[in-house]
Amino acid sequence: GPFLYRYISKRAEEVVLKDQRLYQRALLEISRGMTLIKELGGLSRLVVDQVFNTVKVDALFFVLNKEKDGYELKAQKRKEGSLGDILLEKENPLVQELLLHHQPLLLEEIEACLRDTKEEKEKASLKTIQLEMRKLRVFVIMPSSMENTLLGFLALGQKEKGQPYTEDDLNVFQVLANQSALAIENAIFYEE
């Protein structure tokens, strides 16, 4: 009985995770070639196109705009409509959280913290972050940082069929975001 259960369980897991592993490998391959792109717009479009086509989720790519003192939506790929031009200023609580911690933001974790926290100032900040993520219709935000400088971030919509983002997903997207930071830095240097 236990042997049969483990065998069936392992086979079922392989079938379920097969697609996930395929797109994770594809994203890792994409991340290796990003540093060759010298133009910021082309880099941004490549990232969102590949994430959208490979993982089948909406993707937004924000990049630091020093002149505007904020993070500009450089490229987007969505199933339903465009969000238009967006600039998230550095004072925005969502951006402040990314600048402070350089860690991924997950909507479900923000909502859990919002339920658990008692401090009003923290609650207000979390509520603003939650509203901003809902307005953008994103479930995960992956920061692209170099030497404690937030160069940009990748925002991802809900996965197909409402599946949650796994730890493996987050690790792959973190590699993609880190490679994006290096590519952004190279593109900015090249443009300057």
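Taking the criterion of being open to solvent by 60 Å² or more (accessible area, probe 1.4 Å) and closer than 24 Å to Lys159 by Cβ, the residues of segment 93-133 that qualify are His101, Gln103, Glu108, Glu109, Cys113, Arg115, Leu131. Candidates are the residues of segment 153-192 that are out of contact with any Ser or Thr (no Cβ under 9 Å at 6 or more places or on another chain) and among the charged types (D, E, K, R); the one that is least open to solvent (accessible area, probe 1.4 Å) is Asp169. Can you name the number of the only condition in (1) within 19 Å of Lys90 (Cβ to Cβ); (2) surrounded by 13 or more Cβ atoms within 10 Å (Cβ to Cβ) that Glu147 fails? Against the list (1) within 19 Å of Lys90 (Cβ to Cβ); (2) surrounded by 13 or more Cβ atoms within 10 Å (Cβ to Cβ), Glu147 comes up short only on (2). Here Glu119 fits the description: over 23 Å from Tyr190 (Cβ atoms) and either at pLDDT 90 or above or more than 17 Å from the chain's Cα centre (by Cα) (or both).
Among residues of segment 87-108 that are basic (Lys, Arg), those with a beta-carbon under 7 Å from a residue that is surrounded by 17 or more Cβ atoms within 10 Å (Cβ to Cβ) at least six positions away or on a different chain give the pairs Lys90/Gly70.
Taken together, the residues in segment 110-165 that are of a type in the set (Val, Ile, Thr) and in a strand (DSSP E or B) amount to 3. Considering segment 80-92, the residues that are surrounded by fewer than 11 Cβ atoms within 10 Å (Cβ to Cβ) and over 20 Å from Ser145 (Cβ atoms) include one that is modelled with the highest pLDDT, namely Asp85. Would you say Glu39 is farther than 20 Å from Asn186 by Cα and more than 14 Å from the chain's Cα centre (by Cα)? The answer is no for Glu39. Residue pairs whose Cβ atoms lie under 7 Å apart, separated by 6 or more positions or on different chains, with the first residue in segment 138-158 and among the hydroxyl-bearing types (Ser, Thr, Tyr) and the second open to solvent by 10 Å² or more (accessible area, probe 1.4 Å) and assigned to a strand (DSSP E or B), are Ser144/Leu151; Ser145/Leu151.
The values are calculated or read from the model by the stated rules, or taken from the named source; none is laboratory data. It should be emphasised that the depicted structure is a prediction, and the values quoted were computed from it without experimental measurement. Ideal geometry is used to build each Cβ from the backbone, glycine not excepted, and the neighbour counts take in all protein chains shown. For the accessible areas, the whole protein counts, side chains as well, though only heavy atoms, and no ligand, DNA or RNA atoms are used. Shrake-Rupley method; radii C 1.70, N 1.55, O 1.52, S 1.80 Å.
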